[in-house]
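The values are calculated or read from the model by the stated rules, or taken from the named source; none is laboratory data. Quick caveat, the model's predicted, so the values are computed rather than measured. Neighbour counts are summed over all protein chains in view; Cβ atoms, including those assigned to glycine, are modelled from backbone coordinates with ideal geometry.
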Amino acid sequence: MNLNTIKFDDGDAYEQYMGIWSKLVGDIFLKWLSPAPGLQWLDVGCGNGAFTENIVESCSPSSVHGIDPSIEQIDFARSRLDSTLTKFTQGDAMDLPFQDQSFDIAIMPLVIFFVPEPEKGVSEMVRVVRPGGIVSAYAWDMMEGGFPYMNLIDEIRLMGIDVPVPPNPDASRLETMKRLWINSSLVSVEETEITVQRSYSDFDEYWSIVLRGPSVGSSLKAMPYDELTNLKDRMRKVLPFNSSGRITLSARANAIKGSVPG
């Protein structure tokens, strides 16, 4: 079985599966980024607006423009952020629909490994940011087990079933991100690692969330009943339950930032 497409077309499902994780890592990322107030932001790959909401709540922006290829995600983002500070547009990270030097800061949150040509995505962010502005990104460390649901993906693959993967998981490596930033002529480049934890009240909560997950949901729905039952039994053995049945998982992201010369 080979289901190689990840679709982000359900904002509510994404919120439960990844949006909560996104806010956890986004809070730490923004503290590390330490941006000045009053900036004009671009959120590239804004999804359902989880990180955009972080920016509005934590960074005192003058405006935030989110862009994403999924109109369903854009619609969800608009519904969650009814603010004069925010605007959401459907669009392509490799062909941003903005004039040169339109923003003070451009961020690509948990997205760079989905961009078919990461180099072009970074160069587009550089193009639309003013001299002296910031270009930054963070991404789950897909190559070193940092993805929040990596233990589930590993178990599915051990059963001989393929799980959809992003087109460029290598772009999540710190060394790859640093090369992309330096090759794009960004200066004062810095990087860091971010580790976060999230808890699920019990297995039923965890399982109901992953069934709707964009990276694994299609694989789970295509499984015969006996295989799905087998997988659930395997997961009960590998997940870290505490004495009350609560599950706490860790995830790790790599982050990078640099300035546009000028």
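In segment 192-224, how many residues are under 28 Å from Ser244 (Cα atoms) and assigned to a helix (DSSP H, G or I)? Residues meeting the conditions: 10. In summary, Pro166 fulfils each of the numbered conditions (1) touching a residue at least 24 places away in the same chain (Cβ under 8 Å); (2) under 16 Å from Tyr138 (Cα atoms); (3) not in a loop (DSSP other than H, G, I, E, B) with the single exception of condition (3). When Ile182 is tested against the conditions (1) part of a loop (DSSP other than H, G, I, E, B); (2) modelled with pLDDT of 95 or more, the lone failure is (1). Every condition in (1) crowded, with 20+ Cβ neighbours inside 10 Å; (2) closer than 14 Å to Ile105 by Cβ is met by Cys59 except one, and the failing one is (1).
For segment 36-46, the set of residues classified as surrounded by fewer than 20 Cβ atoms within 10 Å (Cβ to Cβ) and out of contact with any Pro (no Cβ under 8 Å at 6 or more places or on another chain) consists of Ala36 only.
Out of the residues in segment 211-262 meeting the condition of being among the β-branched types (Val, Ile, Thr) and touching a Lys or Arg at 6+ places or on another chain (Cβ under 8 Å), tell me which one is farthest from Ser172 (Cα to Cα). Checked segment 211-262; the qualifying residue farthest from Ser172 (Cα to Cα) is Thr248. Could you list all residues from segment 69-118 that are surrounded by fewer than 17 Cβ atoms within 10 Å (Cβ to Cβ), more than 20 Å from Glu53 (Cα to Cα) and at pLDDT below 95? Passing the criteria: only Pro116.
One residue alone among Phe103, Phe76 is in contact with a Gly (Cβ under 6 Å, 6 or more places away or on another chain) and among the aromatic types (Phe, Trp, Tyr), and that residue is Phe76. Consider segment 227-262 and keep the residues that are among the basic types (Lys, Arg), touching a residue at least 12 places away in the same chain (Cβ under 8 Å) and not in a loop (DSSP other than H, G, I, E, B). The one that is nearest to Ser102 (Cα to Cα) is Lys257.
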